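See structure below.
The values are calculated or read from the model by the stated rules, or taken from the named source; none is laboratory data. Computed from a predicted model, the values in this text were never measured in an experiment. Cβ placement follows ideal geometry from the backbone for every residue including glycine, while neighbour counts extend to all protein chains displayed. Calculation scope for accessible area: heavy atoms of the full protein, side chains included, ligands and nucleic acids excluded. Shrake-Rupley method; radii C 1.70, N 1.55, O 1.52, S 1.80 Å.
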Amino acid sequence: MSDLGRLEDLPEEYREALTQRNLVPLWPSLRGVMPADAPRPRTRAIHWPYREVKPLLLRAGELTPIEKAERRVLVLANPGHGLEKMQASSAIYLGMQLLLPGEWAPSHRHTPNAVRMIVEGEGAYTTVDGEKCPMERGDLILTPTGLWHEHGHDGDQPVVWLDVLDLPLVHYLEASWHENGQRQPVRPVQSERDYARGGLLPLTMFERRRSAYPMLRYAWSDARVALERLAGELPADHPVQLAYVNPETGEDCQNILGFSALMLRPGETLRLPARSPAAVFHLIEGEADVRVEDRLLALVEADTCCAPGYTAVSLHNRRAQDPAFIFIADEAPLHRKLGVYEVRG
Ligand SMILES: [Fe+2]
C-alpha cells in the first residue's frame with residue numbers, strides 16, 4: 001500500500017484557498033480516521049485506587065458544601081482523552097460521588113443515562129421516578145435518560161458511590177441537557193418484589209408493563225447469591241457472570257452502556273477476548289489483578305479501572321480461599337446497535 005499524499009505536499013496557496021472555503025483534503029488524514037486493521041484508541045488502561053480517591057473526596061466534603069456542588073463528585077478522568085474532557089473512555093464517564101449524613105442532592109433529570117454502583121456507607125437512598133431505592137454496597141441503581149432523580153442520606157456515615165454515565169457520547173452528540181425539579185413524591189421500591197422470580201412477570205388484566213425501565217434497583221445481596229449459586233452449578237472452567245437486564249424484555253437494562261457482575265473463583269484466571277467496546281472494572285469484593293496487554297493493575301476492594309476496546313484483558317483472583325466480585329460496565333449495547341461490535345481472538 002503506497003503512502004498517501006501529505007498536507008505539506010500541497011502548495012500553500014491551494015491549502016489557503018481550501019481553508020477559506022471551509023474545505024479540507026481527505027487523503028492526508030484518511031489513515032488517521034481509518035487506521036489499518038484496528039483502531040488506535042485514546043483510552044488508556046488507568047487504575048483509580050479507592051484509598052487515593054477517598055481522602056480527596058472527603059476533603060471535597062469539607063471544602064464544598066452540597067449546595068455549591070449539587071453533585072459532589074470527583075471525576076475519574078482518562079489522561080488519554082485529556083483530563084479536561086472528563087471521560088474514562090469515548091462513551092463512558094465515571095465519577096466518585098460523596099453524600100454526607102443529612103445532605104440532599106436535589107431532584108433533576110437529564111438526557112445522559114446514569115447508574116450508581118454503591119461503594120461504601122449505609123443509610124442513603126436515591127429516589128428515581130418516585131421510587132425510593134435504598135443504597136447499599138454493591139447495589140446497582142439506574143437513573144435512565146429523562147427520569148427524575150435525587151439523593152438523600154438518613155445515615156450517620158459518609159456514603160460514596162460510583163456514577164457511570166454515557167455523558168461523553170451524549171455530549172458529543174450535542175444532545176446533553178438537564179432540568180432541575182421539585183422534590184418528588186415518594187413510594188417504596190416495588191420492582192424488586194415484582195421481578196423477584198426469573199421467568200415470572202407481573203400482569204395487570206393480562207397486560208404486560210409498558211415502562212421502558214421497569215426495574216431501577218438491582219440489590220447486591222440478590223446478585224451475589226445468584227453468582228454463588230451459578231458458581232456451584234457450572235463446570236469449573238465456565239465463567240460466572242450475570243447481566244443486568246430489563247426483566248420485561250431480557251435486553252440490556254439501558255440503551256447505551258451495558259452492565260454485568262462477574263465472580264472469580266478463588267485463584268481463578270479468566271482471559272477475556274479482545275472486544276470492540278471499552279470496559280470499566282470495579283471491584284466490589286476481594287482482590288483481583290486486571291491485566292490489560294502489558295499493564296498489570298492490582299485492584300483491591302472498591303478500586304476502579306478501565307481498559308480500551310480491541311484489547312485483550314485478563315482477570316485474576318489473587319486470593320486462594322475467597323471469591324472476587326467485579327462489576328463491569330462497557331459500551332457493548334451501543335456497539336451492537338451501531339453494528340460495529342466485534343470480538344477478536
Ligand atoms: Fe443526575
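Worth a mention:
- Residue that is most open to solvent (accessible area, probe 1.4 Å) [pool: residues in segment 75-94 that are free of Cβ contacts under 8 Å to residues at least 24 places away in the same chain and among the hydrophobic types (A, V, I, L, M, F, W, C)]: L83
- Among the candidates A274, A312, A279, A261, residue that is over 20 Å from E52 (Cα atoms) and in contact with a helix residue (DSSP H, G or I) (Cβ under 8 Å, 6 or more places away or on another chain): A261
- Scanning segment 125-146 for residues being out of contact with any Phe, Trp or Tyr (no Cβ under 7 Å at 6 or more places or on another chain) and either without any contact (Cβ under 8 Å) to a residue 60 or more places away in the chain or within 14 Å of the ligand (Cβ to nearest atom) (or both) gives a total of 9.
- Of the residues screened, Y50 is one that is at pLDDT 95 or above, open to solvent by less than 90 Å² (accessible area, probe 1.4 Å), touching an Asp or Glu at 6+ places or on another chain (Cβ under 7 Å) and among the hydroxyl-bearing types (S, T, Y).
- The residues in segment 59-73 that are modelled with pLDDT of 95 or more and open to solvent by 60 Å² or more (accessible area, probe 1.4 Å) can be counted, and the count is 3.
- Test result for R229, free of Cβ contacts under 8 Å to residues at least 24 places away in the same chain and farther than 19 Å from E331 by Cβ: yes
- Members of segment 104-121 found to be modelled with pLDDT under 95 and open to solvent by 30 Å² or more (accessible area, probe 1.4 Å), listed by number: W104, P106
- Search result, residues across segment 175-228 that are open to solvent by less than 60 Å² (accessible area, probe 1.4 Å), within 16 Å of the ligand (Cβ to nearest atom) and polar (S, T, N, Q): S176, Q184
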